[in-house]
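Novice: Here you go, one structure.
The values are calculated or read from the model by the stated rules, or taken from the named source; none is laboratory data. The shown structure was predicted, so the numbers you read here are calculated from the model rather than taken from an experiment. Note: ideal-geometry Cβ built from the backbone for every residue, glycine included; neighbour counts use all protein chains shown. Heads up: the accessible areas ignore ligands, DNA and RNA and are worked out on the full protein's heavy atoms, side chains in. Shrake-Rupley method; radii C 1.70, N 1.55, O 1.52, S 1.80 Å.
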2 protein chains.
Amino acid sequence: MSVAPVRAGIVVTGTEVLTGRIADRNGPWVSERLAELGVEVAHIVVVADRPEDLESALRFMAAEGMDLIVTSGGLGPTADDLTAEIVARFAGRPLVLDGEMEEKIAAILRGFARRFRFDEEAVRAANRKQAMIPEGSLPLDPVGTAPGLVVPAGERVVIVLPGPPRELRPMWPRAIESRPVREVLARATPLLAYTVRMFGIPESEIAKSLREIEAGGVELGAVEITTCLRKGEIEIDVRYRAEAAPVADAVRAGLVDRHTRHLFSLDGETVDSQLAGLLRGRRLGLAESCSGGLLAARITKLPGASAYFAGSIVAYSNDAKGELLGVDPELIVNRGAVSPEVAEAMSRGALERFGADVAISITGIAGPDGGTEEKPVGYVCFDARLAEGASIARDPVIPGNRDDIRERSALVAMHLLRTLLGGDDAPL
Amino acid sequence: MSVAPVRAGIVVTGTEVLTGRIADRNGPWVSERLAELGVEVAHIVVVADRPEDLESALRFMAAEGMDLIVTSGGLGPTADDLTAEIVARFAGRPLVLDGEMEEKIAAILRGFARRFRFDEEAVRAANRKQAMIPEGSLPLDPVGTAPGLVVPAGERVVIVLPGPPRELRPMWPRAIESRPVREVLARATPLLAYTVRMFGIPESEIAKSLREIEAGGVELGAVEITTCLRKGEIEIDVRYRAEAAPVADAVRAGLVDRHTRHLFSLDGETVDSQLAGLLRGRRLGLAESCSGGLLAARITKLPGASAYFAGSIVAYSNDAKGELLGVDPELIVNRGAVSPEVAEAMSRGALERFGADVAISITGIAGPDGGTEEKPVGYVCFDARLAEGASIARDPVIPGNRDDIRERSALVAMHLLRTLLGGDDAPL
């Protein structure tokens, strides 16, 4: 029994999620947490706020022999929030009032009531409803107003969590520290993991390398390898139990040997974070055209970017390229706004206008219109440049639609800056 | 039988989706398409690439009496792509080679082979594997290299689609036009729908209005209303069968009456698209600080933006505000970089530097650091301005984390521009 994997199913409730109006952020998040704990997640089931459908999902998980079931959503105060009731029935436990929880929720609601005007009768009813828990279950203190639950249900345990991610996530550690859940998890072996990132190489090359590594005698079956194309980069996740560490190390070494030029992160660190480190003590200025501000937005996403980021001139019109970046209008006429020559003039302009010591420019054809045979949609010119002189220029044709081309342009620029500042070969 | 709703389940396969490494874009998309056709979607089940788990998900759907099952993923050429085989077993139909499909796939692969170097033996094997279809099923021509399938399975029909959204979506119309699927859909009543959008009002106000509308004698039970907070706006979706059209109309009229000031779209049109219309024949320049280029990125997301968008000066540093936008450094010292006065100077600078006839500025504290008691994190100053003189200024405190504040800043700016150009009251 102890060698069989511990298996879990996740049930996400919510009509808005089922109908695609909002994206489910809980299923994948809980799934990752469980994988880290060594639990094998078999299914994520999304159901509407229909009691029969939630009940049938729970029965399905039970029939499949899940050791752990995690639900999210349906714990609110309104009549269609039915998760606690249905899980109680599923576990064969009547709902009972938890007096202590009623008092805790009342205290939280008094806090809200001071700030908002509420219908008092409605508040009292909601309070009572949310304090009803399956007999013998373990309530988890609310992060918002809804308590979570750990409900033993025969051979399995159900963890009942609220729907809003900002309530679910802080509640998770409390759920897995509860005695019933700890007992289930004790039978699982936590997984170790590392993430390797590459840029500028097709996924098929990784598959080929893995085959070679295997042919060289490394038992790939002992580790779990997921290769995933992620916003233009390749992310390789390797998960393994402690005894398979030598295999995991051999896989990493094999990838490093074969892909030194394209491999930029051995520890999962993102290019954004690497670039932030490389920019420390410097001053960056941007000149963007087709990326339309996406590179600036990406760089300023990290807190503290103001320490090294001066700004970006998003020069969408040719006039703006001339007036704000000092690009010679003749050059635009003779070479075209999308040309290596204009890209160079733009990055020189950004260095000068921002008084920067590193700059990059992006000018390209994002489409859907504006392509020609010589310069098709997706043709983008980059020029990355240090005030002290070194530079890298590239002009690839980027595949995909308008969104893809714009986002990929910003990504290519991140990697060109990383290469320029880090001294690696440019992987393009 | 014809009054019972037609019900469907969706099975999404893919270890990367189950483990949260990539977000599922197929389940919600197919769910929306089915809802439009009047089909009630009961469950979306996400499973790993483990044959037993896919099979159990199919059996679950069958046990729940689904009329239609849609699968996505697992149609690729590799050994762990097992969907066709498992659906064949589920439907009790042996796999047979479809000669015509084999030829079609071969032709597609020859196209690839001209561009890439492939292992010929591997290609032949993949070709054969992908041309194996359940006997008596209907293959759907590949969009990439994988054919889809429509598989009659006893009382229900299984639609088997490839995983990449860019292959799945174009294949969908062919699937629903196939005879077996048409026969199922004939029993469903397509739903009518409209979407209303509001900005600058809490969700609880909509709930209150709906209660009032109901109290006024409108039978809300006859329509399906979903209210959803979506990136700072409220989206109200109303779905209804033809006979409930008078109720749906009464709901819309009731919302319009109560929320004229906050309601900006009666037909689902986005603020992005409305603003693009209002900007026709004009020239827009931006001055961004805390939004870091996000407003420019949002405006240039729409194709054709170059007709009215001159550019954005992302002036992150105080120096850049002075040198690139002409903001008086004294003003920054005396009032602070985040102040209505500096916001006004920035938008005047944008008008002038871009030779624009409409401009907006955003300067604020996105956090997590930099807040003070007087100017907390989330304090953002906006100044929207026409060259001919009219202007709107606002300085709200925007709630949320750094990402929320940055994105909401761009959204508020969109609505201020819409209001300035459209002449409505500013809903803030």
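Novice: Kindly list the number of the only condition in (1) within 10 Å of chain A (Cβ to nearest Cβ); (2) open to solvent by 50 Å² or more (accessible area, probe 1.4 Å); (3) at pLDDT below 90 that fails for B:Ala63.
Specialist: Tallying (1) within 10 Å of chain A (Cβ to nearest Cβ); (2) open to solvent by 50 Å² or more (accessible area, probe 1.4 Å); (3) at pLDDT below 90, B:Ala63 fails exactly one: (3).
Novice: Given the criterion out of contact with any strand residue (DSSP E or B) (no Cβ under 9 Å at 6 or more places or on another chain) and either surrounded by fewer than 16 Cβ atoms within 10 Å (Cβ to Cβ) or closer than 24 Å to B:Ser265 by Cα (or both), identify the matching residue among B:Pro376, B:Pro399.
Specialist: B:Pro399
Novice: Restricting to the stretch A:186-206, what's the tally of residues that are touching a strand residue (DSSP E or B) at 6+ places or on another chain (Cβ under 8 Å), in a helix (DSSP H, G or I) and farther than 18 Å from A:Ala253 by Cβ?
Specialist: 1
Novice: Let me ask something additional. Exactly one condition in (1) within 12 Å of another protein chain (Cβ to nearest Cβ); (2) open to solvent by less than 20 Å² (accessible area, probe 1.4 Å); (3) outside any loop (DSSP other than H, G, I, E, B); (4) under 30 Å from B:Ile299 (Cα atoms) is false for A:Cys228; which is it?
Specialist: (4)
Novice: Please determine, by comparing only the residues of the stretch A:99-155 that are β-branched (Val, Ile, Thr) and modelled with pLDDT under 90, which one is surrounded by the most Cβ atoms within 10 Å (Cβ to Cβ).
Specialist: First, the residues of the stretch A:99-155 that are β-branched (Val, Ile, Thr): A:105, A:108, A:123, A:133, A:143, A:145, A:150-151.
Cutting the leftovers down to modelled with pLDDT under 90 gives us A:105, A:108, A:123, A:143, A:145.
Numbers: A:Ile105: 24, A:Ile108: 17, A:Val123: 18, A:Val143: 19, A:Thr145: 20.
Looking at the filtered set, the residue picked out is A:Ile105.
Novice: Go through A:Asp272, A:Asp328 for me and flag whichever is under 30 Å from A:Val238 (Cα atoms), acidic (Asp, Glu) and modelled with pLDDT of 95 or more.
Specialist: Exactly one residue qualifies, and that residue is A:Asp272.
Novice: Can you work out which of the residues in the stretch A:1-44 that are part of a loop (DSSP other than H, G, I, E, B) and within 7 Å of chain B (Cβ to nearest Cβ) is surrounded by the fewest Cβ atoms within 10 Å (Cβ to Cβ)? Step through it out loud before you land on a result.
Specialist: We begin by selecting, within the stretch A:1-44, every residue part of a loop (DSSP other than H, G, I, E, B); these are A:1-6, A:14, A:19-25, A:37-39.
From the residues that got through so far, the ones that are within 7 Å of chain B (Cβ to nearest Cβ) too are A:19-23.
Working: A:Thr19: 22, A:Gly20: 22, A:Arg21: 19, A:Ile22: 18, A:Ala23: 14.
Step by step, filter the stretch A:1-44, then rank; the result is A:Ala23.
Novice: Can you name every residue in the stretch B:1-20 that is touching a helix residue (DSSP H, G or I) at 6+ places or on another chain (Cβ under 8 Å) and farther than 20 Å from B:Ala63 by Cα?
Specialist: Those that are touching a helix residue (DSSP H, G or I) at 6+ places or on another chain (Cβ under 8 Å) and farther than 20 Å from B:Ala63 by Cα: B:Val17, B:Leu18, B:Thr19, B:Gly20.
Novice: List every residue pair whose Cβ atoms lie under 8 Å apart, where the two residues are 6 or more positions apart in sequence or sit on different chains, the first residue falls within the stretch A:45-58 and is in contact (Cβ under 8 Å) with a residue 60 or more places away in the chain and buried (at least 20 other Cβ atoms within 10 Å of the Cβ), and the second residue, located anywhere, is among the β-branched types (Val, Ile, Thr) and part of a helix (DSSP H, G or I).
Specialist: Taking only residues 6 or more apart or on different chains, the pairs are A:Leu58/A:Ile86; A:Leu58/A:Val87.
Novice: Now for a different question. Can you find even one residue in the stretch B:155-178 that is among the small types (Gly, Ala, Ser) and assigned to a helix (DSSP H, G or I)?
Specialist: The answer is yes; a qualifying residue exists.
Novice: Taking the criterion of being touching a His at 6+ places or on another chain (Cβ under 6 Å), farther than 30 Å from B:Ala8 by Cα and either aromatic (Phe, Trp, Tyr) or surrounded by fewer than 17 Cβ atoms within 10 Å (Cβ to Cβ) (or both), would at least one residue in the stretch B:182-200 satisfy it?
Specialist: Taking every residue of the stretch B:182-200 in turn, at least one turns out to be touching a His at 6+ places or on another chain (Cβ under 6 Å), farther than 30 Å from B:Ala8 by Cα and either aromatic (Phe, Trp, Tyr) or surrounded by fewer than 17 Cβ atoms within 10 Å (Cβ to Cβ) (or both).
Novice: Could you check how many residues of the stretch A:52-100 are of a type in the set (A, V, I, L, M, F, W, C) and part of a loop (DSSP other than H, G, I, E, B)?
Specialist: Residues in the stretch A:52-100 being of a type in the set (A, V, I, L, M, F, W, C) and part of a loop (DSSP other than H, G, I, E, B): 4 in total.
Novice: Find all pairs meeting these conditions: Cβ atoms under 8 angstrom apart; at least six residues apart or on different chains; first residue within the stretch A:370-382 and free of Cβ contacts under 8 Å to residues at least 40 places away in the same chain; second residue buried (at least 16 other Cβ atoms within 10 Å of the Cβ) and among the charged types (D, E, K, R).
Specialist: These pairs meet every condition: A:Phe382/A:Arg394; A:Phe382/A:Asp395.
Novice: Considering B:Glu235, B:Glu205, B:Glu212, which residue is farther than 30 Å from B:Val150 by Cβ, within 14 Å of chain A (Cβ to nearest Cβ) and surrounded by 17 or more Cβ atoms within 10 Å (Cβ to Cβ)?
Specialist: B:Glu235
Novice: Please identify the pairs in which a residue from the stretch A:287-313 that is among the polar types (S, T, N, Q) has its Cβ atom under 7 Å from the Cβ atom of a residue that is in a helix (DSSP H, G or I), counting only partners at least 6 apart or on another chain.
Specialist: From residues that are among the polar types (S, T, N, Q), the pairs are A:Ser291/A:Arg406; A:Ser291/A:Ser409; A:Ser291/A:Ala410; A:Ser312/A:Leu295; A:Ser312/A:Ala296.
Novice: Additional query: Is it true that B:Ala356 is closer than 14 Å to B:Leu279 by Cβ and either in contact (Cβ under 8 Å) with a residue 24 or more places away in the chain or touching a Phe, Trp or Tyr at 6+ places or on another chain (Cβ under 7 Å) (or both)?
Specialist: On the way: closer than 14 Å to B:Leu279 by Cβ: yes; either in contact (Cβ under 8 Å) with a residue 24 or more places away in the chain or touching a Phe, Trp or Tyr at 6+ places or on another chain (Cβ under 7 Å) (or both): yes.
Answer is yes for this residue.
Novice: List the residue pairs whose Cβ atoms are under 7 Å apart, where the first residue sits in the stretch B:404-421 and is more than 14 Å from chain A (Cβ to nearest Cβ), the second is open to solvent by 20 Å² or more (accessible area, probe 1.4 Å) and of a type in the set (Val, Ile, Thr), and the two are 6 or more positions apart or on different chains.
Specialist: Hits for this filter: B:Leu416/B:Ile392; B:Thr419/B:Ile392; B:Leu420/B:Ile392.
Novice: Follow-up question, since we're still on this one. Within the stretch B:337-356, which residues are out of contact with any Gly (no Cβ under 9 Å at 6 or more places or on another chain) and surrounded by fewer than 18 Cβ atoms within 10 Å (Cβ to Cβ)?
Specialist: Once the filter is applied, which keeps residues that are out of contact with any Gly (no Cβ under 9 Å at 6 or more places or on another chain) and surrounded by fewer than 18 Cβ atoms within 10 Å (Cβ to Cβ), the stretch B:337-356 yields B:Pro340, B:Glu341.
Novice: Which residues, taken from the stretch A:77-98, are within 13 Å of chain B (Cβ to nearest Cβ) and either surrounded by 19 or more Cβ atoms within 10 Å (Cβ to Cβ) or among the polar types (S, T, N, Q) (or both)?
Specialist: If the condition is that a residue be within 13 Å of chain B (Cβ to nearest Cβ) and either surrounded by 19 or more Cβ atoms within 10 Å (Cβ to Cβ) or among the polar types (S, T, N, Q) (or both), then A:Thr78 is the only one that fits.
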